[in-house]
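Engineer: Structure below; questions to follow.
The values are calculated or read from the model by the stated rules, or taken from the named source; none is laboratory data. Since we're looking at a predicted model, the values are computed, not measured. Glycine gets a Cβ as well: all are built from the backbone with ideal geometry, and neighbour counts include every protein chain shown.
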Amino acid sequence: GANLTLTGKNIKVVGDDPSVGITLTDGEGTETRIKAGAIGLNQPSKLIFLVPASLAAGDYTLTITTQFNGGYQLKTPRSVSQTIKVAEPEEEGGTPGGV
């Protein structure tokens, strides 16, 4: 997998509601939840997390659900979603041009 960096406002993943977290949903509705341990940076305006290597290439709906709201925690979680494209992993090794 590769790291994905997101920037925004009040996107820190915080809260005790079961829906809180990061998910990637494919076109068929299959949801992949990003494990807490895969979130490398969890700040109010920036998230960095590891996209699972097992995720097939294609379009996904990325959803962040949080109860974070600056200085206090919301009672009800809120979510924001965006469509993203997951590409095939690049081949490792070698040099550009196959030399």
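Engineer: Give the residue that is nearest to K85 (Cα to Cα), with candidates limited to residues of segment 38-51 that are in contact (Cβ under 8 Å) with a residue 40 or more places away in the chain and crowded, with 16+ Cβ neighbours inside 10 Å.
Structural biologist: Residue satisfying both the conditions and the ranking: V51.
Engineer: Among D59, D16, which is the only one that is in contact with a Gly (Cβ under 9 Å, 6 or more places away or on another chain) and acidic (D, E)?
Structural biologist: After applying the criteria, what remains is D59.
Engineer: Ok, one more. Under 7 Å by Cβ, and 6 or more places apart or on different chains, what pairs join a residue from segment 9-22 that is more than 7 Å from P44 (Cβ to Cβ) with one that is small (G, A, S) and not in a loop (DSSP other than H, G, I, E, B)?
Structural biologist: What qualifies is V13/G21.
Engineer: Assuming T63 fulfils every condition listed in (1) over 11 Å from the mean Cα position of the chain (by Cα); (2) at pLDDT 95 or above apart from one, which condition is it?
Structural biologist: If we test T63 against (1) over 11 Å from the mean Cα position of the chain (by Cα); (2) at pLDDT 95 or above, just (1) comes out false.
Engineer: Listed residues L41, L24, L47; which is under 21 Å from E88 (Cα atoms) and among the hydrophobic types (A, V, I, L, M, F, W, C)?
Structural biologist: Residue meeting the stated conditions: L24.
Engineer: I'm trying to understand the selection: among the residues of segment 5-37, which are within 9 Å of the chain's Cα centre (by Cα) and surrounded by fewer than 17 Cβ atoms within 10 Å (Cβ to Cβ)?
Structural biologist: If the condition is that a residue be within 9 Å of the chain's Cα centre (by Cα) and surrounded by fewer than 17 Cβ atoms within 10 Å (Cβ to Cβ), then T5, R33 are the ones that fit.
Engineer: For segment 17-33, what are the residues that are within 14 Å of T66 (Cα to Cα) and of a type in the set (D, E)?
Structural biologist: D17
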